[in-house]
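The values are calculated or read from the model by the stated rules, or taken from the named source; none is laboratory data. Everything numeric here is computed off the predicted structure, so don't read it as measured data. Cβ placement follows ideal geometry from the backbone for every residue including glycine, while neighbour counts extend to all protein chains displayed.
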Number of protein chains: 2
Amino acid sequence: MKYADSGVNIDTAVRALARAKDAVRSTWDERVRSDVGSFGGLYQPGPGEPLLVASVDGVGTKVMVAHRMGRYDTVGQDLVNHCVDDILVQGAEPMFFLDYFATATLTEDVLPAVIEGFARGCRENGCALLGGETAEMPGVYREKEFDLAGTIVGRVRAEEVIDGRAIAAGDQVWGLPSTGLHTNGYSLARKVLFETAGYDVHDTPEELGGVSVGDALLAVHKSYLGDLRAIWKAHGRGAVHGLAHITGGGFVDNIPRVVPAGLCVQVDVTAWEVPALFRLIGERGSVGREEMYRVFNMGIGLVVVADPSVDLGAMPGLGAVELGTVTEGEDAVHLQF
Amino acid sequence: MKYADSGVNIDTAVRALARAKDAVRSTWDERVRSDVGSFGGLYQPGPGEPLLVASVDGVGTKVMVAHRMGRYDTVGQDLVNHCVDDILVQGAEPMFFLDYFATATLTEDVLPAVIEGFARGCRENGCALLGGETAEMPGVYREKEFDLAGTIVGRVRAEEVIDGRAIAAGDQVWGLPSTGLHTNGYSLARKVLFETAGYDVHDTPEELGGVSVGDALLAVHKSYLGDLRAIWKAHGRGAVHGLAHITGGGFVDNIPRVVPAGLCVQVDVTAWEVPALFRLIGERGSVGREEMYRVFNMGIGLVVVADPSVDLGAMPGLGAVELGTVTEGEDAVHLQF
């Protein structure tokens, strides 16, 4: 099975967005300091000022799992953490977050729970929940379904922006563990687990060691803000040459977003044990190996390219996995199976 | 007919949001300089710095009219202008905007048109389209339907924030004309025009003077940025004491958001001619007079409370209507029918 079989056609999105690129760039002036396709947009209000870094995202069809579990207070936290990670990979610390919540019919219980999730995520990241919008649109959303979108704004000093330009051959590549699927690949995961395998959210397949399918799928997206602060504190800001958040597009599409031309990030996929949930999806859905690493994070939510003098593996609490090194080469990323 | 009859229950939203207020405030520290319910959130990154002003919004079920008309390149512009106005009323100039577009099934034609609308809105307001997210969620959205959300970030110097505190008895109240329904009241408008009255989007009722129902409904939300710049240039920043964007909640809910306790904004609703589209909705739907002014902008998209020495009516191109004055009183707004 492939991602497109689950009703999500990445290629159509890519072609449509390619057509829109010129329109997007037509709105830019010298204050925009990033290009299309970066994890967060960089904006410098005036010369010499710190850069504002902003990113918008959703949690995909993880909202449908939340709905089926009747658990509404974690998806907001997922979204905040996702957004925090998207600007963190450019070196930014979060300032504030704004949420959008839309549903077919508003009920008094779901919205406060969703907002509590946003608030928890914001508190844990020291980020203000500065605004929000709620919409009730029965003609647009299917009955009882809802969607979330969130926008984060943070900032970073111009000389501390991380954009991968510092990456060099010989750098060490590390992976930091994810807590689960985070917020990507849910359409494929749901199709495989609920349709092909026929599980209910409350089923506890042996492979998951007593955890229900729903609980495993709703594990909260990890914020790597604390991990990065610890790394920067221990080794200095300059030790981190590049960061990739492994979101939609998995290893294959996200790592190249930060790797300079002519360099290749080597990833030894045997370096860590792929968590049970990913293995279950791959097996039950007969999903090809390459497809798995294109859709899912496979247990590694953040890739850190660091100066070779730095040993992240020795830092307690980080769980950093040595994935490989940076070499010269035409492909920005190479997965060694 | 009332707004609640169209499937949108404002009271449920208000109660649910009241429950969530404490959670929202739990994420704040001294950098947050606005309270719940302001048009945009105010955030001061550091002492003495300009304030960032941010707001998130959607265009409601105006997206369904766009879909029925097969016209996808204006709703993005609506959303940008709506967001620009939401931070303008606090004195902020826009810097950048991020969009979220989600739909049941992505097609190659709709998304580029929507983004072109965002880009046009951004260019016209000197605002960068800094980022965006696209999601395909067939299980969440009804077939062929889509939704938009957008977040704007601008800024204003601390001493130039407009929050209504400068409003005093004797101030003059002005209205600037809207271009149509802007982005509010579409669920009620659609129910009245398409269900009760039985119009098709392409029908041209005599009352609309040759304009189709769909064209009238899709008239683009006006950005008041140019008008305000002209007012500030002619009369100085201090001449404007308060601004209210007449969005969801109409005159009744939006004007009180900026009026200090003990003062009352008098609005003589006979001071301007209500445009034909509003009259058509009110008549065909037998919508009560008070309900109309609670749901729709009725032809006035921005209310300007200004120093009595300033004559906005004399400024060419503004179309400013004299609505009344500010008096002492318990009700923040009083509509004189």
Self-check item: Long-range neighbours under 8 Å by Cβ, at least six apart or interchain, first residue at positive phi within the range B:203-219, second of a type in the set (S, T, N, Q) and in a loop (DSSP other than H, G, I, E, B)
Solution: B:Gly210/B:Thr204
Self-check item: Set A:Gly60, A:Gly76: member being at pLDDT 95 or above and within 19 Å of B:Glu133 (Cβ to Cβ)
Solution: A:Gly76
Quiz item: Looking at the range A:92-122, which of the residues that are of a type in the set (D, E, K, R) and closer than 23 Å to A:Leu51 by Cα is surrounded by the most Cβ atoms within 10 Å (Cβ to Cβ)?
Solution: A:Asp99
Exercise. Being within 16 Å of B:Gly242 (Cβ to Cβ) and of a type in the set (D, E, K, R) is the filter here, so list the residues in the range B:283-321 that pass it.
Key: B:Asp307
Exercise. Could you tell me which numbered condition A:Ala239 fails, if it satisfies all but one of (1) modelled with pLDDT of 95 or more; (2) crowded, with 19+ Cβ neighbours inside 10 Å; (3) within 30 Å of A:Arg123 (Cα to Cα)?
Key: (2)
Quiz prompt | Given (1) within 9 Å of another protein chain (Cβ to nearest Cβ); (2) part of a helix (DSSP H, G or I); (3) crowded, with 24+ Cβ neighbours inside 10 Å, number of the condition A:Ile87 does not satisfy | solution = (1)
Quiz item: Is one or more of the residues making up the range B:112-123 more than 10 Å from every other protein chain (Cβ to nearest Cβ) and modelled with pLDDT of 95 or more?
Solution: no
Quiz item: Any idea which residue in the range B:162-181 is surrounded by the most Cβ atoms within 10 Å (Cβ to Cβ), counting only those that are over 17 Å from the mean Cα position of the chain (by Cα) and assigned to a strand (DSSP E or B)?
Solution: B:Val173
Self-check item: Any chance B:Thr107 is within 27 Å of A:Ala4 (Cα to Cα), facing another protein chain (nearest Cβ under 8 Å) and not in a helix (DSSP H, G or I)
Solution: yes
Quiz item: Is it the case that the range B:8-22 has a residue that's at the interface with another protein chain (Cβ under 7 Å from one of its Cβ atoms) and assigned to a loop (DSSP other than H, G, I, E, B)?
Solution: yes
Quiz item: Is there a residue being more than 12 Å from the chain's Cα centre (by Cα) and free of Cβ contacts under 8 Å to residues at least 24 places away in the same chain anywhere in the range A:244-257?
Solution: no
Exercise. Filter the range A:24-42 for residues that are facing chain B (nearest Cβ under 7 Å) and either touching a Lys or Arg at 6+ places or on another chain (Cβ under 8 Å) or of a type in the set (Lys, Arg) (or both) and give the result.
Key: A:Ser26, A:Thr27, A:Arg31
Quiz item: Just one of B:Phe101, B:Phe96 is at the interface with another protein chain (Cβ under 10 Å from one of its Cβ atoms) and in contact with a Ser or Thr (Cβ under 6 Å, 6 or more places away or on another chain); which is it?
Solution: B:Phe101
Self-check item: Flag for A:Arg190 being part of a helix (DSSP H, G or I) and modelled with pLDDT of 95 or more
Solution: yes
Practice problem: Return the total of residues in the range B:196-225 being of a type in the set (D, E, K, R) and surrounded by 13 or more Cβ atoms within 10 Å (Cβ to Cβ). | Solution: 4
Quiz prompt | Residues of the range B:14-64 that turn out to be surrounded by fewer than 15 Cβ atoms within 10 Å (Cβ to Cβ) and acidic (Asp, Glu), as a count | solution = 4
Self-check item: Every residue from the range A:134-154 that is over 21 Å from B:His67 (Cα atoms), more than 7 Å from chain B (Cβ to nearest Cβ) and not aliphatic (A, V, I, L, M)
Solution: A:Lys144, A:Gly150, A:Gly154
Exercise. Out of A:Asp171, A:Asp163, report the one residue that is more than 14 Å from every other protein chain (Cβ to nearest Cβ) and at pLDDT below 95.
Key: A:Asp163
Quiz item: Within the range A:43-74, which residues are outside any loop (DSSP other than H, G, I, E, B) and within 8 Å of chain B (Cβ to nearest Cβ)?
Solution: A:Tyr43, A:Leu52, A:Ala54, A:Ser55, A:Val56, A:Asp57, A:Val63, A:Met64
Quiz item: So which of A:Glu322, A:Glu283 is closer than 27 Å to A:Ser187 by Cβ and either in contact with a helix residue (DSSP H, G or I) (Cβ under 9 Å, 6 or more places away or on another chain) or in a strand (DSSP E or B) (or both)?
Solution: A:Glu283
